[in-house]
Amino acid sequence: MLLSSKFEQLITHRPNSYVPARTIATHLGLYGTTFASRHWVLLNHAHHFGMAILMAPLRAIMSYYGIIGPVTSYFFGGVRLVGDQIVENAAGASAAPWKWPIQEQTVDLVHKTVYAFVVGYLTDKYVRGVDWFRRY
């Protein structure tokens, strides 16, 4: 997701979002401190990697129980979005996605879908032994 967002920002010139940094800073009690204002990039990465680490095991469990394939990964993208929204709204750092500008909705959904498909492919392959691209 990080690579896809940096590639997208290179093309669209969209600035970095401070929402992930604000979210994790609020949950850690750091919001408004000098640490948070100086290290927002670190906090952004911590939020992104932390959410990825929290959500990937759910997809691995799905693979383990035979809930596999690209369609499952597509639906898992929605689960990933809901996970982010729960954490961000609990921190008061974000509005509901349908209140965002259309461009931001599109960007967020694309990045979460990329994450969902990459994680889905890897968990299906390494947990269940199913390679989506292998011909049988």
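Every number here is computed from the coordinates shown, using simple stated rules; none is lab data. If you're wondering where the values come from, they're calculated on a predicted model, not measured in any experiment. Backbone-built Cβ (ideal geometry, glycine too); neighbour counts: all protein chains shown.
Observations, loosely collected:
- Theoretical gain in end-to-end length, residue 7 to residue 82 [0.36 nm per residue, Cα-Cα removed]: 24.6 nm
- HN-Hα J in Hz across the range 32-41 - Karplus 6.51, -1.76, 1.60, θ = phi - 60°, x for Gly and Pro: x, 8, 5, 4, 5, 6, 7, 10, 5, 5
- Label-point separation in nm, residue 127 to residue 54, each point 7 Å along Cα→Cβ: 1.8
- Candidates 37, 63, 73: whichever shows maximal mean-square fluctuation once the chain is modelled as a Gaussian network with Cα springs under 10 Å: 37
- Reported label for calculated log10 I(q)/I(0) by the Debye sum over Cα atoms at q = 0.10, 0.12 Å⁻¹ given (1) -0.31, -0.45; (2) -0.49, -0.67; (3) -0.37, -0.52: (3)
- Residue of 24, 68, 11 that the Gaussian network model of the chain assigns the largest fluctuation, springs spanning Cα pairs under 10 Å: 11
- Least to most buried among 39, 48 (fewest other Cβ within 10 Å first): 39, 48
- Value at 222 nm in deg cm²/dmol, rounded to 500, when DSSP H runs of n ≥ 4 in the chain each add -39,500 (n - 2.57): -23000 deg cm²/dmol
- Length added when fully stretched, residue 118-residue 75, from 0.36 nm per residue minus Cα-Cα: 14.2 nm
- Relative contact order, percent, the chain [alpha-carbon distance under 8 Å, six or more residues apart]: 30
- Theoretical FRET efficiency, 1/(1+(r/R0)^6), r = Cβ-Cβ of residue 98 and residue 37, R0 25 Å, to 0.05: 0.25
- Neighbour-limited loop hits for chymotrypsin sites (Phe, Trp or Tyr not before Pro), the range 15-92 (at most 13 other Cβ within 10 Å; DSSP other than H, G, I, E, B): 65
- Within the listed set 21, 90, 60, the residue fluctuating most in the Gaussian network model of the chain (springs between alpha-carbon atoms under 10 angstrom) is 90.
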